[in-house]
Amino acid sequence: MIRIGALISGSGTNLAAIMRACDEGRIDGKVVFVGSDKPDAAGLDKAAKKGLPTFVVNYKEIIESYKKDPDSADLPQDFDIDVIAARMGLPGDGTFSDRDRAFLVTRAIAEARLLANMAKWDFDLLVLAGFMRKLTPYFIDRVNIDPLHPRIMNIHPAILPSFPGTDGYGDTFRYGCRVGGCTVHFIDYGEDTGPIIGQRCFSITPDDTIETVKEKGLMLEWELYPECIQL
Ligand code: GAR
């Protein structure tokens, strides 16, 4: 039985599909916690209804409070901005922009809070199920303790490496693609990069709309993610 932690930002239909697959024995595992960056994520209710522990790290609040007063940022003790910047391909000598600094600092604060919450449970695998925040090396390296044993999976609404980013189905549709799809992969330091575990695709026909493309894609996501977790 693998112990699965999940991070979400939205409706949590992938989370629901994973919980269902655990209940039905298609995944030899169980979800042990659900975290969100948004207090109003509907997926939190789905988890709570199943009696699962949930937590929220409010990224928006952290970012706004940094903007108001950068000097009072409550940085984690073990955060070295130059090390994290270098791992992300930014200059490792402190010469990065204020915008990059704000990103690295606010994410480290948020990620330290995620890690502190997650530390309450033992888990083998962390699944990102519609979690719409980029995770930095600060977080990734503290979860992937063994470099040969990646522990963070993501589902992305496009056939990677095409259309990384926040609107995979929209980008696929607007480009005029005749095939769309979804990808499950392990995460690395890049945006929607990292080794691919599984993919599914579907045809896009002339009568499709952005809504029907999303519907087709999500139905495949609900099959693909549990299969990849079980794999
Ligand atoms: C899914 O389509 C997932 O692929 C996408 O967000 C949606 C979440 O739906 N994830 C990303 O775009 C990650 N970059 P859900 O909350 O109903 O599972």
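The values are calculated or read from the model by the stated rules, or taken from the named source; none is laboratory data. Computed from a predicted structure; not experimentally measured. With ideal geometry, Cβ positions are generated from the backbone for all residues, glycine too; neighbour counts draw on all protein chains shown. All accessible areas refer to the heavy atoms of the entire protein, side chains included, with ligands and DNA or RNA removed. Shrake-Rupley method; radii C 1.70, N 1.55, O 1.52, S 1.80 Å.
If only one of GLY180, GLY168, GLY176 is over 18 Å from the mean Cα position of the chain (by Cα), without any contact (Cβ under 8 Å) to a residue 60 or more places away in the chain and within 13 Å of the ligand (Cβ to nearest atom), which one is it? GLY180 is the lone residue from the list that is over 18 Å from the mean Cα position of the chain (by Cα), without any contact (Cβ under 8 Å) to a residue 60 or more places away in the chain and within 13 Å of the ligand (Cβ to nearest atom).
Being more than 23 Å from ARG113 (Cα to Cα) and in contact (Cβ under 8 Å) with a residue 12 or more places away in the chain: is that true of THR13 here? Spelling it out, THR13 is indeed more than 23 Å from ARG113 (Cα to Cα) and in contact (Cβ under 8 Å) with a residue 12 or more places away in the chain. Does ASP192 fit the bill of being buried (at least 19 other Cβ atoms within 10 Å of the Cβ) and either modelled with pLDDT of 95 or more or within 23 Å of PHE139 (Cβ to Cβ) (or both)? Criteria met by ASP192. The C-beta contact set for region 129-157 (first residue modelled with pLDDT under 95, second residue acidic (Asp, Glu) and surrounded by fewer than 18 Cβ atoms within 10 Å (Cβ to Cβ), distance under 9 angstrom, 6+ apart or interchain) comprises PRO147/ASP141.
Condition check ((1) surrounded by 15 or more Cβ atoms within 10 Å (Cβ to Cβ); (2) closer than 17 Å to MET153 by Cα; (3) under 20 Å from the mean Cα position of the chain (by Cα)) across all residues:
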| site | (1), (2), (3) |
| --- | --- |
| GLY5 | yes, yes, yes |
| GLY12 | yes, yes, yes |
| VAL31 | yes, yes, yes |
| THR54 | yes, no, yes |
| GLU61 | no, no, yes |
| SER72 | no, no, no |
| ASP80 | no, no, no |
| ILE84 | yes, no, yes |
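Residues checked against (1) touching a helix residue (DSSP H, G or I) at 6+ places or on another chain (Cβ under 6 Å); (2) farther than 30 Å from PRO206 by Cβ; (3) among the hydroxyl-bearing types (Ser, Thr, Tyr):
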residue: LEU115; (1), (2), (3): yes, yes, no
residue: MET132; (1), (2), (3): no, yes, no
residue: LEU135; (1), (2), (3): no, yes, no
residue: THR166; (1), (2), (3): no, no, yes
residue: ARG178; (1), (2), (3): no, no, no
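For residues in region 135-165 being surrounded by 15 or more Cβ atoms within 10 Å (Cβ to Cβ) and within 9 Å of the ligand (Cβ to nearest atom), which is farthest from TYR59 (Cα to Cα)? Going through the qualifying residues, I end up with ALA158.
Restricting attention to region 152-177, which residues are under 28 Å from GLY35 (Cα atoms) and part of a helix (DSSP H, G or I)? Listed by number, the residues that qualify are GLY168, TYR169, GLY170, ASP171. Can you say whether GLY180 is open to solvent by less than 30 Å² (accessible area, probe 1.4 Å), at negative phi and in contact with a Ser or Thr (Cβ under 7 Å, 6 or more places away or on another chain), as far as the supplied structure shows? Spelling it out, GLY180 is indeed open to solvent by less than 30 Å² (accessible area, probe 1.4 Å), at negative phi and in contact with a Ser or Thr (Cβ under 7 Å, 6 or more places away or on another chain).
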